[in-house]
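The values are calculated or read from the model by the stated rules, or taken from the named source; none is laboratory data. What you are looking at is a predicted structure, and each value in this text was computed from that prediction instead of being measured. Because the Cβ atoms are built from the backbone with ideal geometry, glycine has one as well, and the counts that use them run over all protein chains shown. Heavy atoms of the whole protein, side chains included, go into the accessibility calculation; ligands, DNA and RNA do not. Shrake-Rupley method; radii C 1.70, N 1.55, O 1.52, S 1.80 Å.
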Amino acid sequence: MRSIAVANQKGGVGKTTTSVNLAVALARAGRRVCLLDLDPQAHATLHVGVPQGGTGASAYDVIAGGRPLGEALVEVSETLSVVPSHIDLSAVEMALAGRAGRESILRERVAADPRFGGQPHDGPRFEYLIVDCPPSLGLLSLNAMSAVQEVLLPLQPHFLALHGLSKLLETLELVAERVNPRLRLLGIVLCMYEAGTRLATEIGRDVEAFFTASRESHPAWGSGRLFNTRIRRNIRLAEAPSFGQSIFDYAASSHGAEDYAALAAEVDQAAADSRLTARLVA
Ligand SMILES: Nc1ncnc2c1ncn2[C@@H]1O[C@H](COP(=O)(O)OP(=O)(O)O)[C@@H](O)[C@H]1O
Ligand SMILES: [Mg+2]
C-alpha cells in the first residue's frame with residue numbers, strides 16, 4: 001500500500017481539494033483508496049458527501065479514543081472509503097497532553113489493521129491511504145507524517161509560496177529521523193495555477209532550484225519532484241464541495257477534472273518510477 005499525507009501548514013493552498021480529488025481519481029481508476037480526514041474542519045469529509053459528526057466513529061475516536069481504524073471506515077463507493085473527521089479533533093492536543101508516543105498513534109492504528117497491509121489478510125486491501133492534514137504542524141500533522149511513507153505538498157504560486165516550505169521540510173526530516181525512516185517527500189504540486197503569469201513560471205523555477213540545492217544534504221527530500229501537472233484555477237473546483245461531490249461527479253469535463261485526473265496518473269506512475277530507481281540503485 002502507498003500512503004500519502006497531503007500537507008502544508010498554510011491554509012487555503014489546495015490540500016483538501018487535492019486530497020479529495022486525487023483520492024476519487026485513483027478510486028475511479030480502480031485503485032482501492034482510503035481517504036483519512038485529519039482536519040477538524042472536516043472539509044474533506046463533507047466534500048465526499050459524508051455528514052460530519054454522524055453516529056459512527058471518527059478520526060478523533062481512532063486517535064484519542066483508542067478505537068480501531070476499521071470502526072471509523074465509511075464506504076463511499078466500491079473502491080473509496082473515508083475515515084471522517086470530527087470537530088473534536090481540534091482538542092486532540094489537549095486530550096493527549098503528556099501521553100507518551102502520542103505522535104505515533106495513527107501509525108499504530110494503521111499497522112494494526114490488515115486492510116492497510118502489515119499482517120496476513122484474506123480480503124481486499126487498500127492500495128492507497130491519503131491523509132488530508134490540517135493547516136498546522138501540530139500533533140495531527142505529526143501523526144500523519146509518522147503514519148505514511150510519502151508527503152505531497154500543494155503550493156499556491158504566490159510571492160511568499162516558498163516561505164514556510166523549509167519549516168515543513170525540516171519537520172518531515174525530523175519525523176524521518178526519529179519515528180519513520182521510510183518517510184519521503186513525494187513532490188510539490190502547484191495549485192490554483194494561472195498559466196501565463198510570470199509569477200507562476202518563476203515559482204516553478206524556484207522550486208526546481210530549491211530541490212537541486214538541497215538534494216544531497218537532505219535525503220528525505222531528495223526524492224521530491226515538481227509535478228508536471230499544474231492544477232489550474234477553476235471555479236468548478238471551488239463549487240463542488242458544497243454539493244458534496246468530487247470534481248468528477250460535479251463537472252466531469254472541467255479543467256479541474258482534467259488536471260486532477262492527470263495528477264492522479266502522475267502520482268500512480270511515481271511509484272513505478274521509484275521502484276525502478278530502487279532496482280537501478282540496488
Ligand atoms: N484550483 C482551484 N481553483 C479554484 N479554487 C480552488 C482551487 N483549489 C482549491 N480551491 C478553493 O480554494 C479554497 C482553499 O482550498 P482548500 O483545498 O480547502 O485548501 P486547504 O485545504 O489547503 O486549506 C477552497 O475554497 C477551494 O474550493
Ligand atoms: Mg483543508
Residue pairs meeting the criteria (Cβ under 8 Å; at least 6 apart or on separate chains; first of a type in the set (S, T, N, Q), in the range 223-246; second at pLDDT 95 or above and open to solvent by 60 Å² or more (accessible area, probe 1.4 Å)): N234/H255
Which numbered condition L35 misses (of (1) open to solvent by 10 Å² or more (accessible area, probe 1.4 Å); (2) at pLDDT 95 or above; (3) among the hydrophobic types (A, V, I, L, M, F, W, C)): (1)
Search result, residues across the range 240-282 that are open to solvent by less than 80 Å² (accessible area, probe 1.4 Å), of a type in the set (A, V, I, L, M) and at pLDDT below 95: A270, A271, A272, A278
Residue count for the range 202-232, restricted to those that are open to solvent by 80 Å² or more (accessible area, probe 1.4 Å) and assigned to a helix (DSSP H, G or I): 5
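Just for the range 82-94: of the residues that are part of a helix (DSSP H, G or I) and open to solvent by less than 50 Å² (accessible area, probe 1.4 Å), which one is farthest from S141 (Cα to Cα)? Outline the logic, then answer.
Taking the range 82-94 and keeping what is part of a helix (DSSP H, G or I), we get 87-94.
Now restrict to residues that are open to solvent by less than 50 Å² (accessible area, probe 1.4 Å): 89, 91-92.
Values: L89: 12, A91: 14, V92: 12 Å.
Checking each candidate, the answer is A91.
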The range 173-209 - residue that is within 21 Å of the chain's Cα centre (by Cα) and β-branched (V, I, T) and, of those, farthest from H255 (Cα to Cα): V179
Residues within the range 230-244 that are more than 8 Å from ligand 1 (Cβ to nearest atom) and hydrophobic (A, V, I, L, M, F, W, C), tallied: 1
Top-ranked residue of the range 1-51 - restricted to ones that are assigned to a strand (DSSP E or B) and among the aliphatic types (A, V, I, L, M), ranked as nearest to L89 (Cα to Cα): L36
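Would you check which residues across the range 52-69 are assigned to a helix (DSSP H, G or I) and within 16 Å of ligand 2 (Cβ to nearest atom) and list them? Explain how you work it out, then say what you get.
Applying the first criterion (assigned to a helix (DSSP H, G or I)) to the range 52-69 yields 59-63, 69.
Selection gives A59 alone.
Within the range 4-35, which residues are away from ligand 2 (no atom under 16 Å from the Cβ) and of a type outside the set (K, R)?
Answer for the range 4-35, where residues must be away from ligand 2 (no atom under 16 Å from the Cβ) and of a type outside the set (K, R): A25, L26, A27, A29, G30, V33, C34.
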Filter result for the condition that a residue is surrounded by 13 or more Cβ atoms within 10 Å (Cβ to Cβ), more than 24 Å from E258 (Cβ to Cβ) and modelled with pLDDT of 90 or more, over L237, L183: L183
Matching residues, the range 107-147, being crowded, with 22+ Cβ neighbours inside 10 Å, outside any loop (DSSP other than H, G, I, E, B) and in contact (Cβ under 8 Å) with a residue 60 or more places away in the chain: V110, Y128, L129, I130, V131, D132, L140, S141, N143, A144, M145, A147
Every residue from the range 56-81 that is open to solvent by less than 40 Å² (accessible area, probe 1.4 Å) and among the polar types (S, T, N, Q): S58, T79, S81
Positions within the range 148-172 being buried (at least 21 other Cβ atoms within 10 Å of the Cβ) and of a type in the set (D, E, K, R), in sequence order: E150
